[in-house]
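The values are calculated or read from the model by the stated rules, or taken from the named source; none is laboratory data. Remember, predicted model here, so these are calculated numbers, not experimental data. Neighbour counts are summed over all protein chains in view; Cβ atoms, including those assigned to glycine, are modelled from backbone coordinates with ideal geometry. Protein only, heavy atoms only, side chains kept; ligands, DNA and RNA dropped before computing areas. Shrake-Rupley method; radii C 1.70, N 1.55, O 1.52, S 1.80 Å.
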Amino acid sequence: MEILQADVMGFCFGVRRAIESAEQAGQEHENVTTLGPLVHNPQETARLEATGIKVVQSPAEITGDTVVIRAHGARPETLAELQRRGLNVINATCPFVTKSQRLAHDLTRNGYTLVIVGHRDHPEVQGILGYAGTTAYVVNNAADVANLPADIRPGVIAQTTVNEESFKSIVACLSARYPDLMIHDTVCSATRERQEAARELAATVEAVYVIGGRESSNTNRLAEICREVCPRTYLIETAEEITAEQVTGVTRVGVTAGASTPHWLIEQVMARLREVGEADS
């Protein structure tokens, strides 16, 4: 069985930067915490916890003196609270997310109503909403657009990990309803590159494994894209989820991974696929 990898996959710059920041903090300080999981990958989170880097869900839970802000960012009032407490704050917010936060603030200041194309419950979106004043909206489909107030002047940005095609489709709906709007395509280049590479890979194989956390938005988007081209697509978190039955009769299988998936997990999946392929030959 031939095993092909996507040209671009795994850790993006922002995630790698956040991981390295946390690891360095763990070497230099005691009792380091991250405000929320550093990335949406439970296996990588567990690895970091094993080194002593603890995950907390709210500032009230922080017991040490050093806290790392995850790649998804945080609301400005949260950052202000951490600073008021005199904590050593290591801000590992992805630069693409920081750009979206700045755009949210600027659009609101210039009289636009912020509209984010994405998922309301995603931590990146929740953080960005804190920069948009009292009124902002999150849309994920055409129905959400139809439910927006008629008298707003939208300033539109994207959750950095949304599907590029979905963003364009929703922007078309917004443009049809609101002639006076400002659009910033903030889908990050790493997301775009991984989605394009995954689509190209899926078109050349009989089965695809997408590796990443099931709570990871960008990983789920990769699985959706691959499934459109190759129905035999499996979203997995670990190599243990691979079975021989999944690739029975398959001569060429593809592997891709979300932007929060570490290299060591990818290597484990590759080893398992080689093992399954050899047993089937």
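Side notes on the structure shown:
- Relative contact order [Cα under 8 Å, 6+ residues apart], the chain, whole percent: 22 percent
- Heavy atoms of residue 210: accessible area, 1.4 Å probe, square angstrom to 10: 0 Å²
- Rounded FRET efficiency, nearest 0.05, which uses the C-beta distance separating residue 57 from residue 30 and R0 of 25 Å: 0.75
- Its residue count N sets the reference 2.2 N^0.38 Å, and the alpha-carbon radius of gyration of the chain equals 1.09 times that reference.
- For the range 18-51 and the range 196-229, distance of Cα centres in Å: 27 Å
- Hydrodynamic radius (Kirkwood) for the range 126-281, which is based on Cα pairs only, to one decimal in Å: 17.5 Å
- Taken as entire DSSP H runs, the helices of the chain never both span 30 Å or more between Cα atoms along their own long axis and average -0.5 or more on the Kyte-Doolittle scale.
- Look at the alpha carbon pairs under 8 Å that are at least 6 residues apart: their mean separation over the length of the range 1-156 gives a relative contact order of 20 percent.
- Available extension along the chain between residue 80 and residue 109 is 8.4 nm, counting 0.36 nm per residue and deducting the alpha carbon span.
- Surface/4 of the Cα convex hull for the range 220-265, nm²: 3.7 nm²
- Rg over Rh, two decimals, the range 1-137 (C-alpha only, Kirkwood Rh): 1.03
- Eigen-decomposition of the gyration tensor built on the alpha-carbon atoms of the range 197-281 gives equivalent ellipsoid semi-axes of 19, 16, 10 angstrom, largest listed first.
- Net length gained if the chain between residue 172 and residue 184 were fully extended (0.36 nm per residue, minus Cα distance): 3.0 nm
- Cα pair distances exceeding 14 angstrom across the range 83-159, given as percent: 61 percent
- With contributions of -39500 (n - 2.57) from each DSSP H run of at least four residues, the per-residue ellipticity at 222 nm computed over the chain stands at -13500 deg cm²/dmol.
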